[in-house]
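Enquirer: One structure, pasted below without further comment.
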Amino acid sequence: MKKHAKFVVGGAVIAAALAYMIYAGVTQSAVYFVTPSELAASPVQGKAYRLGGMVVKGSMHWEPRTLDLSFQLGDGKTIVPVRHKGTPPDLFGEGRGAVVEGSWIDGHFKATTILAKHSEEYRAPDASSADQHKELMKTLSDPRR
């Protein structure tokens, strides 16, 4: 074989390996989440999921001594009980969106990671409204709100 042909074959092998690594990286990093309705329709015991929904108001219970956090995620149709061991993120709270990673175990979702969703829209309070200013100050001082 000529030197030129060896370089072409070697370059093709390297290009194919690089293309495969890029493809594998993109497909593995594309992670979608299921809704509580989708999970409730066919939960698989022990399977890893990413579950997204709204934290149901009045459902959040956190025990600071043991770091046990329990809450419910809903999508307007179905509610899924979630348990987590650890401190919740600052933006996490009742009535807000959240995505949790974990698995379905014994009738509840055991979360290993909580990702709090937040709005990308910021509206400053009207300077003439004292109530809006108080509400803004309240959200800044209470991280669990």
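Enquirer: Does region 25-47 include one or more residues that are in contact with a helix residue (DSSP H, G or I) (Cβ under 6 Å, 6 or more places away or on another chain) and either aliphatic (A, V, I, L, M) or not assigned by TED's automatic domain parsing to the domain that holds Leu115 (or both)? Explain how you work it out, then say what you get.
Expert: Just the residues of region 25-47 that are in contact with a helix residue (DSSP H, G or I) (Cβ under 6 Å, 6 or more places away or on another chain), to begin with: none.
Within region 25-47, not a single residue is in contact with a helix residue (DSSP H, G or I) (Cβ under 6 Å, 6 or more places away or on another chain) and either aliphatic (A, V, I, L, M) or not assigned by TED's automatic domain parsing to the domain that holds Leu115 (or both).
Enquirer: May I pose another question? So Thr66 passes all but one of these: (1) in a strand (DSSP E or B); (2) without any contact (Cβ under 8 Å) to a residue 60 or more places away in the chain; (3) of a type outside the set (D, E, K, R). Which condition number does it fail?
Expert: (1)
Enquirer: Given the conditions (1) modelled with pLDDT under 85; (2) exposed (fewer than 12 other Cβ atoms within 10 Å of the Cβ); (3) of a type in the set (Phe, Trp, Tyr), report the number of the one that Tyr20 does not fulfil.
Expert: Of (1) modelled with pLDDT under 85; (2) exposed (fewer than 12 other Cβ atoms within 10 Å of the Cβ); (3) of a type in the set (Phe, Trp, Tyr), only one is false for Tyr20: (1).
Enquirer: Using the structure shown, decide if Gly53 is under 18 Å from the mean Cα position of the chain (by Cα) and either crowded, with 17+ Cβ neighbours inside 10 Å or among the polar types (S, T, N, Q) (or both).
Expert: Yes.
The values are calculated or read from the model by the stated rules, or taken from the named source; none is laboratory data. A quick note: this is a predicted structure, and the numbers were derived from the prediction, not measured. In this analysis, Cβ positions are derived from the backbone assuming ideal geometry, glycine residues included, and neighbour counts consider all displayed protein chains.
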